Amino acid sequence: MTSSTRNRLFALGALLVAGAGLAYVAFGNIGQNLVFYWTPGEMLAQGSKAYGPTIRLGGVVQPGSLRWDAAHTHLSFRVADTDQPGAPSVPVLSSETPPQMFRERIGVVVEGTFDRSQTFTSSRLMVNHSNEYRPPKPGDGPDKWKTTVSAPTAEAR
Amino acid sequence: MEMRMRRRLEIAAVLGTLGIFAYAAWTGLVWAPPDREMGDVQRIMYAHVPMVQMMLLSGTINFVCCVVYLFRASWKTDALAEASAETALVFGAIGTTLGAIWGRPTWGVYWAWDPRLTTVAILLVAYAGYMALRRFVDDPERRAVWSAVTGIIIAVDVPIIYFSVKWWKSLHQVQSTPRTVDPQMVYALRWNITAFFLVLIVFLVARYRIALAARLRETTVPEPAPGAQQVVA
Amino acid sequence: MRRPGLLASTWVLFWKDLLLEWRSRARVNALVFFSLATLLLFSFALGPDTALLRRNAGGYLWLALLLSSVLALGESFRVERENSSLEGLRLVPVDTRSIFLAKGIANAVLLAALGVLLVPVLVALLDVRIVLSWGRLVTIIALGCLAIAAPGTLYGAIASHARARDVLLPLLLFPILIPALVAAAKGTALVFEGDPMTQFPSWIALLGSFDLLYWGLGFVLFPRVVEE
Amino acid sequence: MMNALHSVLAAVGEGRIQGGWEYVKAAYAICWTGLALYAVSLWARRPREEPK
């Protein structure tokens, strides 16, 4: 074996090693475990181990669970794995101003702590928007959500 | 005579780019409908998405130049590598700022350490280091080789940025496709991508010429004045 | 004349590097004190909140190691430059890639030793407990130091020949190390805090893949960095 | 002081971070200004014919 073919083999081998590293980052399914957020189901499955540390919880706002207190300073809702009834869900108490798109059935990520009373206290609320963009339906201007927001307490039973 | 023809063509190209840019901005800001949920804020998309795409494109160009340079050294490839790293930095920095402004009313926060945003931040800081390296090495040949090596290592981040939203659960939404976006918005977005692409090309060509001229000046100095030469450590 | 094999020359150069470190113990001592001082500074900067300090101990360990690595890497190439020994090595018919492997491994060993040395300090200063096993702690320190050492050696070789080398090395090195550093710090935090969600293997896997990536790329690219 | 506090609380009371044209204007202003400044810097650095 001449020294130049040997060098090429070395280079090829090293590039394969590097490629394997990148491929494992991509497809090694590591991401499923090292998450930006947990779903309520995953968090509840941990039982008491989830109490205490600051964690991020992600899911959708369960329909019919949205409640403001009278002065609109506190907000409570349930975050569920999916918007199907019966999906695992966690009650969340938030003191953060939600962005304008916040509503029932929308994806959210809340940062905070979970405790023994089975309530998630959040100090940071992020709306997780889907990749869909649509114009308003004919007859309901882009301001439509404002009407649903102005009477949220009434609407949420 | 030929000089003047070329000059006129260049001016025409720049003016054409500006015209397309203006039309694209009009489609995005006026003509396209607002989003059902975000309202008018969604119009930031027509600048944010193209800017970040051009950052990734510049990064890819830089990677190709770096690899090509290592196989066949040429001042032209080196100059294009320098140009594309700088445009990646400019488009990335502005594009990320736009994303942060968009994030405030839609996500509720300017910034979150989700995988997409983190990897973009890494890319920007890494290219800043790349530009510093180019500035701190005086020997043009060494500078070219070393920055090529650095550029290749940085470029590993580019595919990670692109796929991060698919590989990991993140706050950032996954790439939109024409199926998830209203046709009118797709039309406006396509025009904006074209416009920003043309702007990128204009910038790349201008920056490439600056780099190439600097390279030629460095490599063809006939006799440096004694004592004026920089000591290369 | 037959060139010595890659592994044989790597081995020889590796011992040369370690021997050099051993002969100039003053440098190693300085490194140890530097990293200790860094750890102390973190505790002072954050005040006496023990719970907070303990929770962030994994991050402090890796920050201390990272800052020390810049010193160690800079030193390891300064020695070569001052004695022009890199030029000497190039005259010997030895594969330049073995210089990379030898220097990289030597730096990794040095950093890992430093890391293991810092753990008892963390235990004493920040009241850290090792909840998972020592074996796991050593594994993650070793993998993390390998991740610092490969690009560190590559960039150390570059920066040592540039102007403003003390600024340049961290500027080049830190950004690309962020993912590996996050993995190492999180993994270490799990060793200290316990691992309720069994995430530890995933962080190790992530760190390991970055090791493969950095070492593979470094091995291919290093000859171009030191060639004339 | 109390006024500022009140307006912050009132923002929470509104219930939403209101998105609107201000965000769009700020974003496009930053984008266009940034690109224009870069274009100016490219112009300033343009290679000139060196006097022979």
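Could you count how many residues in segment B:33-88 are among the acidic types (Asp, Glu) and under 17 Å from the mean Cα position of the chain (by Cα)?
Residues in segment B:33-88 being among the acidic types (Asp, Glu) and under 17 Å from the mean Cα position of the chain (by Cα): 3 in total.
Go through segment C:184-200 and give me each residue that's at the interface with chain A (Cβ under 8 Å from one of its Cβ atoms) and within 20 Å of A:Ala23 (Cα to Cα).
If the condition is that a residue be at the interface with chain A (Cβ under 8 Å from one of its Cβ atoms) and within 20 Å of A:Ala23 (Cα to Cα), then C:Gln199 is the only one that fits.
Every residue, every condition in (1) closer than 19 Å to B:Leu204 by Cα; (2) among the hydroxyl-bearing types (Ser, Thr, Tyr); (3) surrounded by 20 or more Cβ atoms within 10 Å (Cβ to Cβ), yes or no:
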{"residue": "B:Ser84", "(1), (2), (3)": "yes, yes, yes"}
{"residue": "B:Val90", "(1), (2), (3)": "yes, no, yes"}
{"residue": "B:Gly129", "(1), (2), (3)": "no, no, yes"}
{"residue": "B:Leu133", "(1), (2), (3)": "no, no, yes"}
{"residue": "B:Val137", "(1), (2), (3)": "no, no, yes"}
{"residue": "B:Trp146", "(1), (2), (3)": "no, no, yes"}
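Does A:Arg116 satisfy the criteria of being surrounded by 14 or more Cβ atoms within 10 Å (Cβ to Cβ), at pLDDT 80 or above and of a type in the set (D, E, K, R)?
When the stated conditions are applied, A:Arg116 does not pass them.
Output yes when any residue across segment C:199-214 is modelled with pLDDT under 90, at positive phi and not in a helix (DSSP H, G or I), and no when none is.
No, there is no match, as no residue in segment C:199-214 is modelled with pLDDT under 90, at positive phi and not in a helix (DSSP H, G or I).
Please state which of the following conditions C:Ser160 fails to meet, knowing it meets all the rest: (1) among the polar types (S, T, N, Q); (2) over 15 Å from the mean Cα position of the chain (by Cα); (3) farther than 21 Å from C:Phe77 by Cβ.
Here C:Ser160 clears every test but (3).
Give me the residue from segment A:69-111 that is of a type in the set (D, E, K, R) and in a strand (DSSP E or B) and, out of that set, farthest from the chain's Cα centre (by Cα).
A:Arg78
If you scan segment B:100-116, which residues turn out to be in a helix (DSSP H, G or I), crowded, with 20+ Cβ neighbours inside 10 Å and either at pLDDT below 85 or not basic (Lys, Arg) (or both)?
Of everything in segment B:100-116, those that are in a helix (DSSP H, G or I), crowded, with 20+ Cβ neighbours inside 10 Å and either at pLDDT below 85 or not basic (Lys, Arg) (or both) turn out to be B:Ile101, B:Trp102, B:Gly103, B:Pro105, B:Thr106, B:Pro115.
Hey, does segment C:163-176 have a residue that's of a type in the set (D, E, K, R), without any contact (Cβ under 8 Å) to a residue 24 or more places away in the chain, in contact with a helix residue (DSSP H, G or I) (Cβ under 9 Å, 6 or more places away or on another chain) and within 23 Å of C:Ser68 (Cα to Cα)?
Yes; the residues of segment C:163-176 include at least one that is of a type in the set (D, E, K, R), without any contact (Cβ under 8 Å) to a residue 24 or more places away in the chain, in contact with a helix residue (DSSP H, G or I) (Cβ under 9 Å, 6 or more places away or on another chain) and within 23 Å of C:Ser68 (Cα to Cα).
Looking at segment B:153-173, can you tell me whether even one residue there is within 14 Å of chain D (Cβ to nearest Cβ), surrounded by fewer than 23 Cβ atoms within 10 Å (Cβ to Cβ) and either more than 30 Å from B:Thr220 (Cβ to Cβ) or touching a residue at least 40 places away in the same chain (Cβ under 8 Å) (or both)?
no
Of the residues C:Ala51, C:Ala8, which is surrounded by fewer than 12 Cβ atoms within 10 Å (Cβ to Cβ) and in a helix (DSSP H, G or I)?
When all the criteria are applied, what remains is C:Ala51.
Considering only residues that are within 11 Å of the chain's Cα centre (by Cα) and among the aromatic types (Phe, Trp, Tyr), which ones fall in segment C:47-74?
C:Trp62, the sole residue that qualifies.
Listed here are the residues, each with its yes/no results for (1) modelled with pLDDT under 85; (2) in a helix (DSSP H, G or I); (3) more than 22 Å from C:Asp211 (Cα to Cα).
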position	(1), (2), (3)
C:Leu65	no, yes, no
C:Ser76	yes, yes, no
C:Leu86	yes, yes, yes
C:Arg90	yes, yes, yes
C:Leu101	no, yes, no
C:Val121	no, yes, yes
C:Ala147	no, yes, no
C:Thr153	no, yes, no
C:Val167	no, yes, yes
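So that you can scan it fast, the table gives a plain yes or no per residue for (1) farther than 22 Å from B:Arg207 by Cβ; (2) crowded, with 19+ Cβ neighbours inside 10 Å; (3) aliphatic (A, V, I, L, M); (4) out of contact with any helix residue (DSSP H, G or I) (no Cβ under 6 Å at 6 or more places or on another chain):
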{"residue": "B:Ala12", "(1), (2), (3), (4)": "no, no, yes, yes"}
{"residue": "B:Leu18", "(1), (2), (3), (4)": "no, no, yes, yes"}
{"residue": "B:Thr27", "(1), (2), (3), (4)": "yes, yes, no, no"}
{"residue": "B:Arg36", "(1), (2), (3), (4)": "yes, yes, no, yes"}
{"residue": "B:Gly39", "(1), (2), (3), (4)": "yes, yes, no, yes"}
{"residue": "B:Tyr69", "(1), (2), (3), (4)": "no, yes, no, no"}
{"residue": "B:Ala73", "(1), (2), (3), (4)": "no, no, yes, yes"}
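Considering (1) away from chain C (no Cβ under 14 Å); (2) surrounded by fewer than 17 Cβ atoms within 10 Å (Cβ to Cβ); (3) at pLDDT 80 or above, say which one A:Gly86 fails and leave the rest.
(3)
Scan segment C:137-148 and tell me whether some residue there is surrounded by fewer than 21 Cβ atoms within 10 Å (Cβ to Cβ), facing chain B (nearest Cβ under 8 Å) and touching a helix residue (DSSP H, G or I) at 6+ places or on another chain (Cβ under 6 Å).
The answer is no; no qualifying residue exists.
Quick check on segment B:174-191: of everything there that is hydroxyl-bearing (Ser, Thr, Tyr) and not in a helix (DSSP H, G or I), which residue is farthest from the other protein chains (Cβ to nearest Cβ)?
The selected residue is B:Thr177.
Quick grid of which residues meet (1) more than 7 Å from every other protein chain (Cβ to nearest Cβ); (2) modelled with pLDDT of 80 or more; (3) on the phi > 0 side of the Ramachandran plot:
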residue: A:Leu22; (1), (2), (3): no, yes, no
residue: A:Gly28; (1), (2), (3): no, no, no
residue: A:Gln32; (1), (2), (3): yes, no, no
residue: A:Val35; (1), (2), (3): no, no, no
residue: A:Thr39; (1), (2), (3): yes, yes, no
residue: A:Leu44; (1), (2), (3): yes, yes, no
residue: A:Pro53; (1), (2), (3): yes, no, no
residue: A:Gly64; (1), (2), (3): yes, no, yes
residue: A:Ala71; (1), (2), (3): no, no, no
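Out of all the residues in segment B:129-152, which are facing another protein chain (nearest Cβ under 8 Å) and either among the charged types (D, E, K, R) or not in a helix (DSSP H, G or I) (or both)?
Selection gives B:Val137, B:Asp138, B:Arg142.
When you scan segment B:91-128, how many residues do you find that are more than 9 Å from chain D (Cβ to nearest Cβ) and of a type outside the set (Gly, Ala, Ser)?
Qualifying residue count for the region: 18.
The values are calculated or read from the model by the stated rules, or taken from the named source; none is laboratory data. As the structure is a prediction and not an experimental result, all values here were calculated from the model. FYI the Cβ positions are ideal-geometry reconstructions off the backbone, even for glycines, and counts take in every protein chain you see.
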